[in-house]
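Engineer: Dropping a structure here in structure tokens format, bear with me for questions.
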Amino acid sequence: MHSPQVDPTAMTTYVQIVQSVEILAEPSKYHKIFLSHLGLHLPMISDREMLAEGIGYHLGDQNAMLVFTKTIESSRYCDVPPPKKNRVRMESQMVFFFQLLPGARVRFCQISHDNLKIRFMPAFLLNFLAQGVIPMEFIHQFKKTVKNIKGTEWDRRVNVEKRELYKEIKQRIHEELGLLNSIAVKEVHRNQKAPNGKSPSASETKQSGLPLWFSVVISVSVASMTRMSQSIESLRMPWFVYPIFLTLISLLLIYLTFVFEKKKS
């Protein structure tokens, strides 16, 4: 089990808009205070950051692990830094549930409530981003990493950089859950093999990330055009600004569509 709060810095591997994660305090191996930077890199939208506390729990009676994360304004474990310049501090509550099942299978559930604090964006688009695009991208990357472990960032952390921590987690799984037997382990290793019998390289498992950014750009573009159409008179903007803006956004969407289709082919 690779819990986000066992090693929250690994979120940069699973969620592409997460640029960095800084650990501010570590009360225990399964309890951390961290500051993450979410870079959208889109016009009219500032980067976001999230100051959060995450705690992991072993649920032995359910053969599972529960991870709870919530944003905080203060902490008794460390000094809370103010928001950095040109960043907006968002709010979030997330629950991750990992359950080991027979046959080398894992059940994964995620519940999240995010406030990206984008005031001019309609509620349905905010929900689309916070509850749709970003979580689905996380799950997609998580599944790809689990199926193609060799040579990935996950593999490096588990077997090299933080070997002792993950060794302890594996021992807990063996002792408390008793689900990982030799047959299941062999099945996992067999599923990790590529069709040619070789493990895929890190470059083969790297994702382009274009579907996520394409969805984000569409959402922000629609919201921006809606906002501008409502307030262009009150702002007393020149009549030609709005057509130029629409043209630029259209060209950007056409370019992203072309790149994505070329990547798929």
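Engineer: Could you say whether any residue in the range 144-160 is of a type in the set (Phe, Trp, Tyr), at pLDDT below 75 and surrounded by 14 or more Cβ atoms within 10 Å (Cβ to Cβ)?
Structural biologist: Initial filter on the range 144-160 (of a type in the set (Phe, Trp, Tyr)): 154.
Filter once more, keeping what is at pLDDT below 75: 154.
Pick out the ones that are also surrounded by 14 or more Cβ atoms within 10 Å (Cβ to Cβ) and you get 154.
Yes, the conditions are met somewhere in the range 144-160.
Engineer: Among the residues of the range 46-75, which ones are buried (at least 19 other Cβ atoms within 10 Å of the Cβ) and either of a type in the set (S, T, N, Q) or over 14 Å from SER92 (Cβ atoms) (or both)?
Structural biologist: Restricting attention to the range 46-75, the residues satisfying the condition of being buried (at least 19 other Cβ atoms within 10 Å of the Cβ) are 48-54, 56, 64-65, 67, 69.
Once the filter is applied, which keeps residues that are buried (at least 19 other Cβ atoms within 10 Å of the Cβ) and either of a type in the set (S, T, N, Q) or over 14 Å from SER92 (Cβ atoms) (or both), the range 46-75 yields GLY56, ALA64, MET65, THR69.
Engineer: Ok, one more. Answer yes or no: is there a residue in the range 103-125 that is at pLDDT below 85, of a type outside the set (A, V, I, L, M) and surrounded by 18 or more Cβ atoms within 10 Å (Cβ to Cβ).
Structural biologist: Within the range 103-125 (the criterion being at pLDDT below 85, of a type outside the set (A, V, I, L, M) and surrounded by 18 or more Cβ atoms within 10 Å (Cβ to Cβ)), the answer is yes, since at least one residue qualifies.
Engineer: Can I ask one more? Among the residues of the range 64-97, what is the count of those that are touching a residue at least 60 places away in the same chain (Cβ under 8 Å) and polar (S, T, N, Q)?
Structural biologist: 1
Engineer: Give the residues of the range 52-89 that are among the acidic types (Asp, Glu) and under 21 Å from the mean Cα position of the chain (by Cα), sorted by residue number.
Structural biologist: Step one: filter the range 52-89 for residues among the acidic types (Asp, Glu), giving 53, 61, 73, 79.
Within the range 52-89, just GLU53 meets the criteria.
Engineer: Are any of the residues in the range 96-111 under 15 Å from MET11 (Cα atoms), part of a strand (DSSP E or B) and within 21 Å of the chain's Cα centre (by Cα)? Lay out the reasoning, then the answer.
Structural biologist: Residues of the range 96-111 that are under 15 Å from MET11 (Cα atoms), as a first pass: 96, 110.
Restricting the remaining residues to those that are part of a strand (DSSP E or B) gives 96, 110.
Then drop every residue that is not within 21 Å of the chain's Cα centre (by Cα), which leaves 96, 110.
Yes.
The values are calculated or read from the model by the stated rules, or taken from the named source; none is laboratory data. Remember, predicted model here, so these are calculated numbers, not experimental data. Note that we place each Cβ from the backbone using ideal geometry, even for glycine, and neighbour counts take in every protein chain shown.
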